[in-house]
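First comes the structure, then the notes that go with it.
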């Protein structure tokens, strides 16, 4: 769960029981809606991701409580459903949707969700490294072409199909992610410790694409089996590839191949995707 | 006999609330222990759990975490933190039902005992001595290997309404068995965390 954004800078007291904990909370990411920490849960050797949705002082307290509670529950319910269905997502280990304020803190409370820790690089990092590698290859061979060597193409196609299959398994279970980007897909190596952190910046080495795709961050997820919602989910992912990974974009078609093969309802959703591409993510409200 | 009363420090919970756990097999006096609970004998304020309804350490620890967190935040649904631990194992909001399914019964053979040190007088020594005096059974280590010998997976799956999940049958190859057990365990932990979410 690596995101390159800066860690939280403001001092903030998390809600209990984390307000007074002696177990380290390592800040991973801070967004507008939530703080993410790496910590341990249930045993000192079980790594876990702690997501806290802090209260927002500018909102009316009653509304704030209702919104925070509804959103953390929505996320936890989606994850729980997916775990039961066997979809690769982090499991819910603990949850408190009640809005407890830390007694000695700055009055800020919040709801929290503890999830299984997922080890591995996010797809964005893998693809960025791969694109750098391809660029280096091209330079070394003195060619100006954008061509990707056959074996490298096959490798990235395999990864794309895995991504498509993962999204398909999610939609099959009746859940829409709502924010599919390459930062929300983790490539979990099959064997623990197989990650290649030391070679992160080595452009001579093509990054490993072995492993399982695990989807994370269900903060905007919802339950739906409608083709429209599924198509928009795919469209958001397609646009994310287009803007973040220009050299990988030509391979996006393989995501849809992997998706099509993953469940029965994929066909109609992909048909709908064509309509969504024509008009964009938002439905026209005219007429 | 209570040589293996284990004191567990759960991450994030205050260290003042130590958790003592002991696992027994071949318990002879389950009905006596249950009677003490029913008569609300203050000396027997324990979580007495039918160990057959437990699938792993993490399973119990998540119920303890939830109960102790609710205790710290003063929102117990049942009488005390010990009854709340039994209740927290349950995926439903029915307290009586949770005791029928997860709590000690007259026929309980394998018993898991949990005691939270809610007052400073409750120490490892005092709990160990009291249990040694009153539980007639053989103390065994509270670890996943011992628990898996006791777990009744069919009953656990039924209690959590996870019947559609593949059973972690012992006959399967080890890899598949571990994966299925892991999936069942994570589904159970989710059910415990989400209990009461409306």
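Taken together, the values in this text are just the output of simple stated rules run on the coordinates, not laboratory data. Everything numeric in this text was worked out from a predicted model, so none of it was measured. Cβ coordinates were reconstructed from backbone atoms using ideal geometry, including for glycine residues, and neighbour counts include every protein chain displayed.
Per-residue mean of foreign Cβ neighbours for A:89-98 is 6 (Cβ atoms of other chains, 10 Å radius). Label-to-label distance for residue B:149 and residue A:275 is 6.2 nm, based on points extended 7 Å past Cα in the beta-carbon direction. Note on residue B:107 and residue A:135: with the Förster distance fixed at 56 Å, the Cβ-Cβ geometry gives a FRET efficiency of about 0.20. By its C-alpha gyration tensor, with a ≥ b ≥ c as the square roots of the eigenvalues, how is region A:26-116 shaped: rounded for a/c under 1.5, else prolate for a/b larger than b/c, else oblate? Because a/c hits 1.5 or more and a/b fails to exceed b/c, region A:26-116 counts as oblate.
Packing order of peptides A:116-129, A:238-251, B:53-66, highest average first: B:53-66, A:116-129, A:238-251 (average count of other Cβ atoms within 10 Å over each peptide's residues).
With helices as the sole contributors, chain A gives -12500 deg cm²/dmol at 222 nm; each DSSP H run of n ≥ 4 counts as -39500 (n - 2.57), and the sum is divided by every residue. The relative contact order of region A:123-279, computed from alpha carbon pairs under 8 Å that lie at least 6 residues apart in sequence, is 36 percent. Per-peptide packing, taken as the mean over residues of other Cβ atoms within 10 Å, places B:112-120, A:180-188 in the sequence A:180-188, B:112-120 from highest down.
Put a dot 7 Å past the Cα of residue A:38, heading toward its Cβ, do the same for residue A:243, and the two dots end up 2.8 nm apart.
Between the helical axis of A:123-140 and the longest alpha-carbon principal axis of chain A there is an angle of about 30 degrees.
Determine the shape class of region A:123-279: with a ≥ b ≥ c the square roots of the Cα gyration tensor eigenvalues, call it rounded for a/c under 1.5, and otherwise prolate if a/b is greater than b/c, oblate otherwise. Since a/c reaches 1.5 and a/b is larger than b/c, the shape of region A:123-279 is classed as prolate.
Classify region B:6-151 as rounded, prolate or oblate, taking a ≥ b ≥ c as the square roots of the eigenvalues of its Cα gyration tensor: rounded when a/c is under 1.5, otherwise prolate if a/b is larger than b/c and oblate if not. Because its axes are fairly even, with a/c under 1.5, region B:6-151 counts as rounded. Considering only alpha-carbon pairs that sit under 8 angstrom and 6 or more positions apart, the relative contact order computed for chain A is 19 percent.
Centre-to-centre separation between the Cα atoms of region B:90-123 and those of region A:228-248: 50 Å.
Against chain B, whose longest principal axis is taken from its Cα atoms, helix B:57-72 shows a tilt of about 50°.
Here the gap between residue A:151 and residue A:225, fully extended at 0.36 nm per residue and compared with their Cα-Cα distance, gives a gain of 23.0 nm. Look at the stretch A:12-21: the mean tally of other chain Cβ atoms within 10 Å of its residues' Cβ atoms is 3.
Seen against the Cα atoms of chain A and their longest principal axis, helix A:150-172 is set at about 40 degrees.
Inter-chain neighbour count for B:4-15: the average number of beta-carbon atoms from partner chains within 10 Å of each residue's beta-carbon is 5. Taking region B:128-142 and a reference point 7 angstrom along Cα→Cβ of residue B:7, the backbone N atoms nearer than 16 Å belong to B:128-131.
Which whole-number percentage describes the relative contact order of region A:26-116, with Cα contacts under 8 Å and a sequence gap of 6 or more?
Details: 150 pairs, mean separation 25.6, N = 91.
Relative contact order here is 28 percent.
Distance from the Cα centroid of region B:35-73 to that of region A:36-74 is 26 Å (rounded to whole angstrom).
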